[in-house]
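Read through the structure below, which is laid out as structure tokens, and then see the notes.
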Amino acid sequence: MKQLRYLDFSQIVMLFLVMCLSLILIASVTMDHFEQESKFFTPYVLKQLRWFILGWGIYVLVCLFDYHKLKDLAPILYGIVIVSLVGLFFMSPVRNVFRWYRLPFLGFDIQPSEVAKCIVVIMLAWFIDRNKARMHTFKNTSIALIIGLIPFVLILKQPDLGTALILLLMLFGMLSIAGANRFILRSMVVVFCICFVFIAALFLEIVPHSTIKPMATKIVKEYQFERLNPKTYHQKAALNAIGLGAFLGTGFRKSDFSTSGWLPTAHTDSVFCVLGEQFGLLGMYILIGLLYFLGYLGFRSASSANDYFGYLLGFGMILMIMLHGLLNIAMMCGVLPISGVPLVLVSYGGSQILVVMGSLGLVQSIFIRRFRF
């Protein structure tokens, strides 16, 4: 327990502030809009609070865990997560997707794709650390690419485009700092650019949505293609909610849009829009600032690692968390099509809270052991 005195307490303060904001926003859209005396601690708020408490427990345990031991566990953990992702396709689908293992006897569901992102970071850090002198070769970069692409394909098949996109960007980021083969990195950039131009052309209606729909629906399902339609109700509702808030917002529970059920998934994926409506542009700036400092502190902790494995591990974990926040905000602001990416530590939901707290605990574990040689 003496190790805890070396913690980065600035990170803990940032986490506490983000969690408080999460509870306020969830309460604002789950309290009875028509009852002035409705209780703040709604069932959703209480459940989110329980997830936060459990998350802090995991955070402390992972802080005390010596991250160097993950070197021996990395291949085993990777194998387990691949098996769990494949196993989803033998389960009954939930809302027509294969994302969760239902555990009714425990009262919650498990989403392996959330854990998969962390395990891929661990596995990549392990592989790159073992081959750091030869990562520039085509062979080693290809192997690292395959390590990331196997879970990417399985998650995309569920389908879960948002998580798959985070995994792919995370893979590119880790390969970039590892000095991977330039040809492969440039090829990835070209593919990213082509995909971005295609999505932008549809999303900005440069190419009519209806023109390409017959061909596109032969490759992907119709509801997946419809996410690229900027005229979907969810996309318009998200922008309307943010626009209603102006600079200072309408005030806590004083909004007539998000609290009345007009905004889809208000307490989960669209919680940033609730923030924009009730607390305005100022509130959004505050949250973005908190997430920015959380990321800055995380990258600083990763940079303090006394070994290459720790540096890669910390960088990958923080990159994953920051991508979550960045993509959710971009989707809610109409920059990207909405695809179900939660706002890290703010959206309602247990899986992402536990995974993020475990990831940040791992970053703290690296920071605590920065003086060990």
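The values are calculated or read from the model by the stated rules, or taken from the named source; none is laboratory data. Quantities reported herein were computed from a predicted structural model and do not represent experimental measurements. Glycine gets a Cβ as well: all are built from the backbone with ideal geometry, and neighbour counts include every protein chain shown.
Going through region 249-274 one residue at a time, which ones are part of a helix (DSSP H, G or I), touching a helix residue (DSSP H, G or I) at 6+ places or on another chain (Cβ under 7 Å) and modelled with pLDDT under 85? Of everything in region 249-274, those that are part of a helix (DSSP H, G or I), touching a helix residue (DSSP H, G or I) at 6+ places or on another chain (Cβ under 7 Å) and modelled with pLDDT under 85 turn out to be SER258, THR259. Does ILE329 qualify as being touching a helix residue (DSSP H, G or I) at 6+ places or on another chain (Cβ under 7 Å), of a type in the set (A, V, I, L, M) and over 25 Å from ALA74 (Cα atoms)? Criteria met by ILE329. The residue pairs whose first member lies in region 38-54 and is under 11 Å from ILE353 (Cβ atoms), whose second member is of a type in the set (Val, Ile, Thr) and in a helix (DSSP H, G or I), and whose beta carbons are closer than 6 Å, counting only pairs six or more residues apart or on different chains, are GLN48/ILE26; TRP51/ILE353.
If you check ILE286, ILE329 for being more than 21 Å from LEU171 (Cβ to Cβ), over 16 Å from the mean Cα position of the chain (by Cα) and in a helix (DSSP H, G or I), only one passes: ILE286. Per the listing VAL94, VAL86, the residue uniquely out of contact with any Asp or Glu (no Cβ under 7 Å at 6 or more places or on another chain) and at pLDDT 75 or above is VAL86.
State which residue pairs qualify: first residue within 18 Å of GLU114 (Cβ to Cβ) and inside region 67-96, second residue of a type in the set (Asp, Glu) and outside any helix (DSSP H, G or I) in any location, beta carbons under 9 Å apart, and separation of 6 or more residues or different chains. Between residues of region 67-96 that are within 18 Å of GLU114 (Cβ to Cβ) and residues that are of a type in the set (Asp, Glu) and outside any helix (DSSP H, G or I), the close pairs are VAL94/ASP109.
Taken together, GLY310, GLY334, GLY350, GLY361 contain a single residue that is in contact with a strand residue (DSSP E or B) (Cβ under 9 Å, 6 or more places away or on another chain) and in contact (Cβ under 8 Å) with a residue 24 or more places away in the chain, which is GLY350.
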